Amino acid sequence: MEQDQGGSRQPAGSFSFVSTTNGTPLRPGTPNTDRNPFGDDRIEPQGSQQAGGLNPFTSPSVSRPASSFGSSSALGGAPRGQRYFHSRRVKKGEVEKPWLAKVDPKEKWVTILPVLGIFVGLAISGILIWDGLRSVVKHKYCVVLEDNFETFNTNVWTKEVQVGGFGNGEFQQTTNTEENVYVQNGHLFIKPTLQDAALINKDNVLNLTADGSCTSKLSFDCVAVTNTTAGNATIVPPTKSGRINTKRGASIKYGRVEVVAKLPEGDWLWPAIWMLPVDETYGPWPISGEIDIMESRGNNRSYAQGGNNIASSALHWGPDVANDAWWRTNVKREALHTTYSAGFNTFGLEWSQKYLFTYVNSRLLQVLYTNFDEYLWDRGNFPAANSNGTRLEDPWSQTKRKNTPFDQKFYLILNVAVGGTNGWFEDSKSGKPWLDSSPNAKKDFWNAQDKWFPTWKNPALEVSKVSMWQQCDGNEEL
């Protein structure tokens, strides 16, 4: 190193650090903690030098933007040199505002048009709502039946006693005993039970005409036989249940019906709330019609056709059994996140000359809606002849009423059927233990009771209230 007057020097590019008074000497490469380590205590113009040599913390000129020189530091350093940027304030009145001097007459419509559009939209909505409410048919109704089941009212309800399967090949004997139909704690119960095993395991004849209890005039509905001869599978109905109706005590022609009920739980149970005509004015079933307010199945929701989570409504109508057009007027409604056997629901019907609909819990939750806006014969699109070549005749249109045959008095039926061979439970679905076409159907069902009977946890149709109203505003055809 060379000595120079006034102190030592180091070659250009080297660093020199001087310790503060009484401080610890600094080693080369050690930052001086007595000053801002970012070099912002003093910001020099590009290329400036401090006394004693170049500022070792100055950013290389190529790494600093030109705007960084002469600007104030984020760390609060005082700027040096000329300030290139400073704020200005425009004095009031110096800026021209021509839009204040002369207003564009079209500008006001920017506000007027949207506001006007809102008011017009609200007015149109109000008119549509008013017109919709005005067009809703509001009939006057008169009470025909309101039963809270303090007792079983035999003046209203009739217990049907039969063994013939009611045209569906059902597997139950309906009884008039309190084993299957009874009132308890203000509720009506229609409960299926097992048949007496002795009537099935031995040769027997179950004759309902002997004691006069049979409610049918057909011997097939009143007599059942068990034949244990090898190869013969004939048995009496393997279960017992109940079926009651209001034919003697309450019927309506147009009006409303509501039944508050909890549906049964158990495999192969078939609960129903439905109506039949008091008189077969137009001919035998289904010519005179049938109204199914609610039908369901006791199987759980995993059942292939839908179990007690599904409520179905339908109308049956047609010129003969083979041409029943029920499938044109059949709708299902699924319970929301529950089943209809989990609690009570209101199953309702509203019926007039111009329409008929069913609902669950609210008239807004409609299941089936049928508008009588054309003759049912035309709606059915029936063939000219049935399968045996017999010509089919229109039994309804001569009335000149488009709702025929649903223009007569109907009565209410409540029942719980068990099984059947009419297809309500489809073959080979979810372990069904019988075939509809088999002569052994009832016996096969009986022999499989170890599988289905344990599922009958709550097999009763439990009803808390039944109400029927007649339309009585003077516009009905009485």
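The values are calculated or read from the model by the stated rules, or taken from the named source; none is laboratory data. All of these numbers come straight from a predicted model, not from anything done at the bench. No Cβ is skipped: glycine too gets one built from the backbone with ideal geometry, and neighbour counts run over all protein chains shown.
Selection over the range 419-450 of residues that are in a helix (DSSP H, G or I) and charged (D, E, K, R) gives a count of 4. From the list THR209, THR226, the lone residue that is surrounded by fewer than 18 Cβ atoms within 10 Å (Cβ to Cβ), farther than 24 Å from PHE149 by Cα and in contact with a strand residue (DSSP E or B) (Cβ under 8 Å, 6 or more places away or on another chain) is THR209.
Exactly one residue out of GLU265, GLU258 is surrounded by fewer than 24 Cβ atoms within 10 Å (Cβ to Cβ), touching a residue at least 24 places away in the same chain (Cβ under 8 Å), within 30 Å of the chain's Cα centre (by Cα) and closer than 30 Å to ASN447 by Cβ: that is GLU265. For the range 337-361, a tally of residues being charged (D, E, K, R), crowded, with 20+ Cβ neighbours inside 10 Å and part of a loop (DSSP other than H, G, I, E, B) returns 0.
Within the range 177-190, does at least one residue satisfy the condition of being crowded, with 20+ Cβ neighbours inside 10 Å, in the same structural domain as TYR303 (by TED's automatic domain parsing) and in a loop (DSSP other than H, G, I, E, B)? Yes: the range 177-190 contains one or more residues that are crowded, with 20+ Cβ neighbours inside 10 Å, in the same structural domain as TYR303 (by TED's automatic domain parsing) and in a loop (DSSP other than H, G, I, E, B). Could you say whether any residue in the range 130-148 is closer than 23 Å to VAL463 by Cα and of a type in the set (S, T, N, Q)? There is at least one residue in the range 130-148 that is closer than 23 Å to VAL463 by Cα and of a type in the set (S, T, N, Q). A residue that is free of Cβ contacts under 8 Å to residues at least 24 places away in the same chain and small (Gly, Ala, Ser) occurs somewhere in the range 447-466. Across the range 362-373, a minimum of one residue is classified as in a loop (DSSP other than H, G, I, E, B), under 32 Å from the mean Cα position of the chain (by Cα), more than 30 Å from GLY298 (Cα to Cα) and free of Cβ contacts under 8 Å to residues at least 60 places away in the same chain.
Considering the range 281-305, and only residues there that are of a type in the set (A, V, I, L, M, F, W, C) and in a loop (DSSP other than H, G, I, E, B), the residue that is surrounded by the fewest Cβ atoms within 10 Å (Cβ to Cβ) turns out to be ALA304. On the given criteria, is LEU199 at pLDDT 95 or above, in the same structural domain as SER438 (by TED's automatic domain parsing) and assigned to a helix (DSSP H, G or I)? So LEU199 passes the test.
Residues that are within 29 Å of PHE152 (Cα to Cα) and under 26 Å from the mean Cα position of the chain (by Cα) were ranked within the range 416-455; the one that is surrounded by the fewest Cβ atoms within 10 Å (Cβ to Cβ) is THR455.
Within the range 98-155, which residues are under 30 Å from ASN371 (Cβ atoms) and in a helix (DSSP H, G or I)? Hits for the range 98-155 are ILE124, SER125, GLY126, ILE127, LEU128, ILE129, TRP130, ASP131, GLY132, LEU133, ARG134, SER135. Within the range 306-336, if we keep just the residues that are assigned to a loop (DSSP other than H, G, I, E, B) and among the charged types (D, E, K, R), the residue that is farthest from ASN458 (Cα to Cα) turns out to be ASP320.
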